[in-house]
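Here it is, the structure in full.
FYI, it's all coordinate maths here, none of it is from the lab. None of these values were measured; they are calculated from a predicted model. For neighbour counting, all protein chains shown are included, and Cβ atoms are generated from backbone atoms with ideal geometry for every residue, glycine included.
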Amino acid sequence: MPVPVPTDRQSPRSVLEWLSRPGGGANVLRGLMTDGIQITHDALDRADQRQVWSLRRTLIEIGLLPVRNEALERLTPFLRDIVAGMPTDQRPVVSTYGTWWVLRRARRQLERTGRFTTSHKRSAQRRLSAAAAFVEWLDARHIALAAVTQADVDRWLDADDYHRADVADFLRWATRRRLVSEVTVHRRRGQELTLTLSENARWLLLDRCLHDDDIPDDVRAAGALVLLYGLQLSRIVELTNSHLHRRHAAGGEETIGGVSVSLTGPEITVPPSLAAILARLPVRGPHPRTRPLIGGDTPGWLFPGFTATGHLNAATMSKHMKQYGIPTRSARNAALIALAGELPISLVRDLFDISISTAMNWARRAGRDWNAYLAATHQERSATAHQP
């Protein structure tokens, strides 16, 4: 097969470093070709994933490997590893649950929505891990799955502190197939949302994002989208030029008028200062390591990543934002509560591409937590007043 050739945008030193790196993708490629093994997804699956994740995406993007959803495909080896680590007599039930329930639903989700993200993968992995841990716990106490009682379930939950929803999913599946009697995983009362960011603090952070030139444009844009509209970072990093709505001013100058969360979704009008920042995206660092070694056709990411045409990882963007004092979760919580208290539920759902139940929950929290906003603001003002 042809070997991918780095583009002339990279220095010869970068190319040599990539080729000579002992734990990188070039070393994996060299080993496969030396052993006469065809370079396929299966072959790369057997290598250390920390070495091949960037290589795999690059090979997909330049057409040497077929496209696949990596988050979904990583579930199969994860299930295989979990089952392999279990005693032989415990493997069938977990393998069947994982193959015909967890993986099957994951594939259907991808077919139905076109999305299966890293967050979805982690959720599926938690369910598989919980199922394996529960089955092993029963076996250690010589309790057959068919003999499980409500007391057994409650005792395990109290002892092992797994996510209740994760083991509940396994037990629902087992109940439907008459593998266990009817049992219930009681929900714990959810923790109330802790408002660590007052409305005043939210606006001060937003002002920094819109006007502080010492903050990189990509961090400013992402921070402003979170603080203004409560958008998920996983959505923000997937934005492309196609999501931007461009307009022509009277003098013929092109400006950014708004942005949509999905290509078919409604437009969210953005303030001129944020529009100017979005117009300057994407941002590429000057150092060769911030650019892909092998180039390809890009879909126009506003937040490009470090591979040929991939977008930046949401966790990486969150880390960058925290370096500039922008707390992702509390910023999003504050924005969503403020919006849910001001806008109709249907509008919140449509604009920000969240489910109606999620929008209703935020609306209820907005009404319930308004006093918490006032308390947070009062504490902030009191602290300021007592400063020397």
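Can you give me the long-range amide H partners of residue 257? Hydrogens built in the peptide plane at 1.01 Å from N, cutoff under 5 Å, separation of 5 or more residues or another chain.
245, 246, 247
Moving on. Full extension from residue 329 to residue 89: what is 0.36 nm times the residue separation minus their Cα-Cα distance, to one decimal in nm?
82.1 nm
Residue 33 to residue 276: extension gain in nm, 0.36 nm per residue of separation minus the Cα-Cα distance?
82.6 nm
Over region 68-118, what number does the Rg to Rh ratio reach, with both radii from the alpha-carbon atoms and Rh per Kirkwood?
1.04
Same structure again: Separation between the residue 211 and residue 126 pseudo-spin-labels, each 7 Å from Cα along Cα→Cβ, expressed in nm?
4.0 nm
Separate question: Once amide H atoms are built 1.01 Å from N in the peptide plane, which residues 5 or more positions from residue 311, or in another chain, come under 5 Å H to H?
Under 5 Å from the amide H of residue 311 lie the amide H atoms of 305, each far enough along the sequence or on another chain.
Would you please give the residues with an amide H less than 5 Å from that of residue 240, counting only those at least 5 places away or on a separate chain, with H modeled from the backbone geometry?
Hits under the 5 Å cutoff: 302.
For region 73-176, state what percent of all Cα-Cα pairs lands in each successive 10 Å bin, counting from 0 Å until the bin that includes the largest distance.
Calculated over all Cα pairs of region 73-176, the distribution is 14, 48, 30, 8, 0 percent.
Additional query: Note down the nm distance, to one decimal, between modelled labels 7 Å out along Cα→Cβ at residue 107 and at residue 142.
The two pseudo-label positions are separated by 4.1 nm.
Say each of residue 267 and residue 181 gets a label point 7 Å from the Cα, pointing the same way as Cα to Cβ; how far apart are those two points in nm?
Between residue 267 and residue 181, the label points sit 6.3 nm apart.
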